[in-house]
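Worksheet for the structure shown next.
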Amino acid sequence: MSDCHDNQKRQLELASEKGASSWLTSLPLKEYGFLLNKQEFHDAIALRYNLALTDLNRPKQCECGEINNINHCMTCKLGGYVALRHDTMKETTANLLKEGGCRDVQIEPMLLNVTTENLPSGTNITDGARLDVSARSFWTPLDRAFTDVRVLNPQAKSNCIPIKQMYKSHENQKKNMYMHRILNVEKATFTPLVFSTTGGMGEEATKFYKHLAGKISIKTKQEYPYVISYIRRKLRFVLLRTCIISLRGHRGRRNKMVDDSSELDLNYGPIVEHY
C-alpha cells in the first residue's frame, strides 16, 4: 500500500473498514435485500475501488455540467439520490429499533420548542426542528433516545482527513447542533449516526448498533454474533444499493408534459359532427 497513490491508498483503507466488505460474503437473498444483478455487481466493485465506470446507460457529463464520475455521483443532489440514501438509512434504523422491542418509534419527530433554556452557541434552536428517529426504552427503560443520520462521501475534498478524525468531525457537528437541546429540553439522549458511502460508520453509530443487536438478540433469543452480523449486512446493502442507484439513475428534467390540466381534453366521448 505504501506504493499506492494517496487516493488509492485511502480507498483501500476505506474498503478495509469493519463491515465494508460484508456484501461480498453475503448469500444473494432477495427477501433481505441482499441481491444484486450483474450490472450492479460491476458497479459495486467500481465503487469499492473508485474505478472508472462503463459508459453503458450513463452519460459522461452530469446534467449539472460536472464530469459524471463516482465521486460526483455521491454528492450531486440532482435526482434526489442523496436524500434517498439518507432516508433509506433512517427508515432501516427505525425498523431495526422496532425489531429490538423499542416503543414509540417515530420517524422525524418534532422537538419541543426552546423557551427559557440557555443553550450554547451553535445549537439549533429553531421552532419545529426535527431529528431523524426517536424511540423509547433503547438505552434505559421508558426514556427517549434520539438519533440523526448523516451519510458522507469520504473522498470529497472536505473530508480529506484521517478516517477516524473524519467520522469524529461529523459526529461533533451533529452534537453541537442538537446534543444540548436534547439533554436540557427533551431530557433524553442523542446519538449521531454517521456513515460513509463506502460502508464504514463512526464510533457512535458502532456503539448504537451493537447495543441494538443485544436487544434484538434477547428478544428473538438468537445468538448475538449472528444478530450483529445481520445488522451490519443489512446496513451495508442499504448503503450499497442506494449508492449504486445514484451512479446510473436519471438526473435530468422530466419530459415536459402539459402543465395545466385545463389544457387537457378530458372528453373521450365520440365527436358527432352535423352537416
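The values are calculated or read from the model by the stated rules, or taken from the named source; none is laboratory data. Quick caveat: nothing in here was measured; it's all calculated off a predicted structure. Methodologically, a virtual Cβ is constructed for each residue, glycine included, from the backbone with ideal geometry; neighbour enumeration extends over all protein chains shown. Side chains are part of the model used for accessible areas, which takes the heavy atoms of the whole protein and leaves out ligands, DNA and RNA. Shrake-Rupley method; radii C 1.70, N 1.55, O 1.52, S 1.80 Å.
Counting only heavy atoms of the protein chains, get the accessible area per residue of the chain (1.4 Å probe) and round it to a whole Å² value.
It amounts to 60 Å² per residue over the chain.
Grab the Cα-Cα distance for His72 and Glu117, subtract it from 0.36 nm times how many residues apart they are, and report the gain in nm with one decimal.
Stretched out fully, the His72 to Glu117 stretch lengthens by 12.0 nm.
For Gln222 and Ser158, what does the FRET efficiency come to when R0 = 35 Å and r is the distance between their Cβ atoms, rounded to the nearest 0.05?
E between Gln222 and Ser158, to the nearest 0.05, is 0.30.
For His180, what accessible surface area do you get with a 1.4 Å probe? Give it in Å², rounded to 10.
About 80 Å², rounded to the nearest 10.
For a distance above 28 Å, tell me the whole-number percent of Cα pairs in the chain that qualify.
Cα-Cα pairs in the chain separated by more than 28 Å: 46 percent.
Quantify, in whole percent, the carbon and sulfur part of the accessible surface of the chain (1.4 Å probe; protein heavy atoms only).
C and S atoms contribute 52 percent here.
Please report, in debye to the nearest 20, how large the charge dipole of the chain is about its Cα centre when each Lys and Arg carries +1 at its beta carbon and each Asp and Glu carries -1 there.
Approximately 1080 debye in magnitude.
State the dimensionless ratio Rg/Rh of region 22-174 (Rg: radius of gyration of Cα atoms; Rh: Kirkwood radius).
Expressed as Rg/Rh, it is 1.02.
Please sort through the DSSP H helices of the chain and keep those with an alpha-carbon extent of at least 20 Å along the long axis and a Kyte-Doolittle average not below 1.6.
Long hydrophobic helices here: none detected.
Taking Lys187 as the anchor, which lysines have their alpha carbon closer than 17 Å to its alpha carbon, excluding any fewer than eight residues away along the same chain?
Cross-link targets: Lys175.
In debye, nearest 20: dipole of region 139-251 around its Cα centre with unit charges on the Cβ of K, R (+) and D, E (-)?
The calculation lands at about 320 debye.
Based on Cα positions only, what radius of gyration and what Dmax would you give for region 15-106, in angstroms?
Spelled out, the Cα radius of gyration and Dmax of region 15-106 are 16.3, 48 Å.
With the contact rule set at Cα under 8 Å and sequence spacing of 6 or more, what percent relative contact order holds for the chain?
22 percent
What is region 117-234 by shape, rounded, prolate or oblate, if you read a ≥ b ≥ c off the alpha carbon gyration tensor as root eigenvalues and call it rounded for a/c under 1.5, prolate for a/b larger than b/c, and oblate otherwise?
It comes out oblate by the Cα gyration axes.
Taking a threshold of 19 Å on the Cα-Cα distance, which of the pairs Lys18/Lys215; Lys90/Lys210; Lys9/Lys210; Lys98/Lys210; Lys90/Lys207 fall above it?
Checking Cα-Cα distances, Lys18/Lys215; Lys9/Lys210 exceed 19 Å.
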